[in-house]
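Colleague: Dumping the structure here so I can ask a few things about it.
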Amino acid sequence: MMKQEQMTVVRHKPIAKNIYELTLSGHLVEEMNAPGQFVHVKVTSQAAPLLRRPLSLCRIDQNARECTLIYRKEGIGTTLLSEKRPGETIDVLGPLGNGFPLDAVEKGQRALLVGGGIGVPPLYELAKQLVKKGVIVTSVLGFQTKEVVFYEREFAEFGETYIATVDGSHGTKGFVTDVIHERAISFDVLYACGPKPMLKALEQMFPDKEVYLSLEERMGCGIGACFACVCRVPGSETAYKKVCSDGPVFKAGEVVL
Ligand SMILES: Cc1cc2nc3c(=O)[nH]c(=O)nc-3n(C[C@H](O)[C@H](O)[C@H](O)COP(=O)(O)OP(=O)(O)OC[C@H]3O[C@@H](n4cnc5c(N)ncnc54)[C@H](O)[C@@H]3O)c2cc1C
Ligand code: FES
């Protein structure tokens, strides 16, 4: 159930260039269990910026009642967020949206997790829960350059992990699709989160496979009320889905990328 809470900053640190890891504690964590869901964060207690910022759940630790978000410092909102110190509180609404379906893959089957840049965080909790279920996980993570690579070691704890960088400064030079192709990685179900061109390439690469894609559309309310995040449904000029409440995870082919 979605709730709102002033969560307390427990830890907050940069882990790569302009990439921050933020751990929050609070009762809201009790509501969190689905990887791929997100929270909507009010970055300051001032009136502006008015809109909350959607950030994916990266780790959920029910025992410690803590959750971790990873974000890229980009515009005004995430810059303000990066100034929060341990002990301060942040207004958080969530958990929101529908996460990755864990029941799409069974114990002993293979899942391929593909993340692009700031699309990588929600795959961490997904990998953790899939491995706990007995699924064999392979991760392919793509970044622009070595400076912005994060969580390589953390993903490696869950299974084979490959890195691609566009400039070749770390891992394979090129895109995540190059790694999957070159290594002929086989899988039963594919889960991905990242930029639209990457999701589109994966959808086209595996038309006959079960593929789930998480979209990071611009949002207003985050709860299905404002229509800021709509995307079209294939074969119709009028039908649409809302990324915040119908997604952010969709089965490949469900929405137009
Ligand atoms: C479901 C979902 C999960 C996300 N998870 C993460 C995550 O785990 N880590 C992370 O770094 N980023 C994530 N994003 C993107 C993140 O929300 C934006 O980077 C962030 O809101 C930018 O805010 P800003 O104030 O710094 O930028 P500004 O450019 O000042 O933002 C202006 C407005 O545009 C929206 N916006 C800007 N860029 C994006 C974007 N790429 N996607 C959606 N809205 C955007 C903002 O929310 C805000 O309303 C996610 C987006 C969605 C929709
Ligand atoms: S963000 Fe308002 S309807 Fe999706």
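Colleague: Any chance you could give the angle, 0 to 90 degrees and rounded to 10, that helix 196-205 forms with the longest Cα principal axis of the chain?
Modeller: The angle comes out near 30 degrees.
Colleague: Quickly rank 21-28, 165-172 as a protection proxy: mean count of other C-beta atoms within 10 Å, highest first.
Modeller: 21-28, 165-172
Colleague: Tell me, what HN-Hα J-couplings in whole Hz come from the Karplus equation 6.51 cos²θ - 1.76 cosθ + 1.60 at θ = phi - 60° for each residue of the range 40-48, using x for Gly and Pro?
Modeller: Each residue's phi maps through the Karplus curve to give 10, 10, 8, 6, 8, 7, 6, 5, 9 Hz.
Colleague: Also, I was wondering about something else. Using only the alpha-carbon atoms, what does the range 85-195 span along each of its principal axes? Please give whole angstrom values in decreasing order.
Modeller: 45, 36, 23
Colleague: Still on this model: Where nothing but the Cβ of Lys and Arg (+1) and of Asp and Glu (-1) is charged, how large is the charge dipole of the range 2-59 around its Cα centre, in debye to the nearest 20? Don't jump to the answer; show the numbers that get you there.
Modeller: Values: 8 positive and 4 negative charges, 53 e Å.
About 260 debye.
Colleague: Counting DSSP beta bridges in the chain, what percent are antiparallel, to the nearest 5?
Modeller: That works out to approximately 60 percent antiparallel.
Colleague: Take every Cα pair under 8 Å in the chain that's 6+ residues apart, average their separations, divide by the length, and report that relative contact order as a whole percent. Please report the intermediate quantities before stating the final value.
Modeller: Values: 608 pairs, mean separation 44.7, N = 257.
Computed over the chain, the figure is 17 percent.
Colleague: Using a 1.4 angstrom probe, figure out how much accessible area the range 110-213 has per residue, in square angstrom, rounded to the nearest whole.
Modeller: 43
Colleague: Could you identify which residue out of CYS58, CYS221, CYS193 has the top mean-square fluctuation in a GNM of the chain using Cα springs shorter than 10 Å?
Modeller: Top of the fluctuation ranking is CYS221.
Colleague: Explain nothing, just the number: relative contact order of the range 110-213, from Cα pairs under 8 Å at least 6 residues apart, as a whole percent.
Modeller: 31
Colleague: For LYS173, what charge total do you get from the other residues with a beta carbon under 12 Å from its beta carbon, if Lys and Arg give +1 and Asp and Glu give -1?
Modeller: Local net charge: -2.
Colleague: Pairs of alpha-carbon atoms within less than 8 angstrom and 6+ residues apart define the contacts here; what relative contact order does the range 215-256 have, in percent? Please report the intermediate quantities before stating the final value.
Modeller: On the way: 60 pairs, mean separation 16.5, N = 42.
After rounding, I find 39 percent.
Colleague: Among 45-54, 239-248, what's the highest-first ranking by average C-beta atoms within 10 angstrom per residue? Before the final figure, lay out the partial values.
Modeller: Values: 45-54: 13.8, 239-248: 20.3.
Taking the mean over residues of other Cβ atoms within 10 Å, the ranking is 239-248, 45-54.
Colleague: Same structure, new question: What's the carbon and sulfur percent of the chain's accessible surface, probe 1.4 angstrom, rounded to a whole number?
Modeller: Working: 5890 of 11930 Å².
C and S atoms contribute 49 percent here.
Colleague: Amide H to amide H, which residues 5 or more places from ILE15 or on other chains are under 5 Å from it, using H placed in the peptide plane?
Modeller: TYR20, GLU21
Colleague: Follow-up. Arranged from highest to lowest average of other beta-carbon atoms within 10 Å per residue, in what order do the peptides 179-190, 94-105 appear?
Modeller: The most tightly packed comes first, giving 94-105, 179-190.
Colleague: Something else about it: Which value at 222 nm does the chain reach when only helices count, each DSSP H run of 4 or more adding -39,500 (n - 2.57), with the total divided by all residues and rounded to the nearest 500 deg cm²/dmol?
Modeller: The per-residue figure over the chain is -4500 deg cm²/dmol.
Colleague: Let me ask another. Net charge near LYS13, counting Lys/Arg +1 and Asp/Glu -1 over other residues with Cβ under 15 Å of its Cβ?
Modeller: Local charge sum for LYS13: +2.
Colleague: Which percent of Cα pairs goes in each bin when the distances of the range 139-251 are cut into 5 angstrom slices starting at zero?
Modeller: It works out to 2, 11, 17, 20, 18, 13, 11, 6, 2, in whole percents.
Colleague: Moving on. Give me, ordered by chain and number, the residues 5 or more places off VAL43 or on other chains with an amide H under 5 Å from its own placed amide H.
Modeller: Counting only residues 5 or more places away or on other chains, the set is ARG53.
Colleague: Along each principal axis of its Cα atoms, how long is the chain end to end? Whole angstroms, biggest number first, please.
Modeller: 50, 44, 36
Colleague: Can I ask one more? For the range 133-179, what is the Kirkwood hydrodynamic radius in Å, using each pair of distinct C-alpha atoms? Walk me through the numbers on the way to the answer.
Modeller: Values: mean 1/r = 0.0926 Å⁻¹.
About 10.8 Å for the range 133-179.
Colleague: Just want the answer: with Cβ charges of +1 for Lys and Arg and -1 for Asp and Glu, which residue in LEU80, LEU69, GLN6 is farthest toward the dipole's positive end in the range 3-96?
Modeller: The residue sitting most towards the positive pole is LEU80.
Colleague: Further question: Give the Rg/Rh ratio for the range 3-96, taking Rg as the radius of gyration of the Cα atoms and Rh as the Kirkwood radius, to two decimals.
Modeller: Here Rg/Rh amounts to 0.92.
Colleague: Here is a further query. Under unit Cβ charges (Lys, Arg +1; Asp, Glu -1), what dipole magnitude, rounded to 20 debye, does the chain have relative to its Cα centre?
Modeller: 420
Colleague: Would you please give the residues with an amide H less than 5 Å from that of GLU210, counting only those at least 5 places away or on a separate chain, with H modeled from the backbone geometry?
Modeller: LEU190
Colleague: Something else: Helix 121-133 sits at what angle to the longest principal axis of the chain, using alpha carbons and giving 0 to 90 degrees rounded to 10?
Modeller: Once rounded, one gets 60 degrees.
Colleague: If you don't mind, another one. How about the range 68-169: which trypsin sites (Lys or Arg not before Pro) there are in a DSSP loop, with at most 12 other Cβ atoms within 10 Å of their Cβ?
Modeller: Filter output for the range 68-169: LYS107.
The values are calculated or read from the model by the stated rules, or taken from the named source; none is laboratory data. If you're wondering where the values come from, they're calculated on a predicted model, not measured in any experiment. Note that each Cβ is placed from the backbone with ideal geometry, even for glycine, and that neighbours are counted across all protein chains shown. For accessibility, only protein heavy atoms count, side chains too; no ligands or nucleic acids. Shrake-Rupley method; radii C 1.70, N 1.55, O 1.52, S 1.80 Å.
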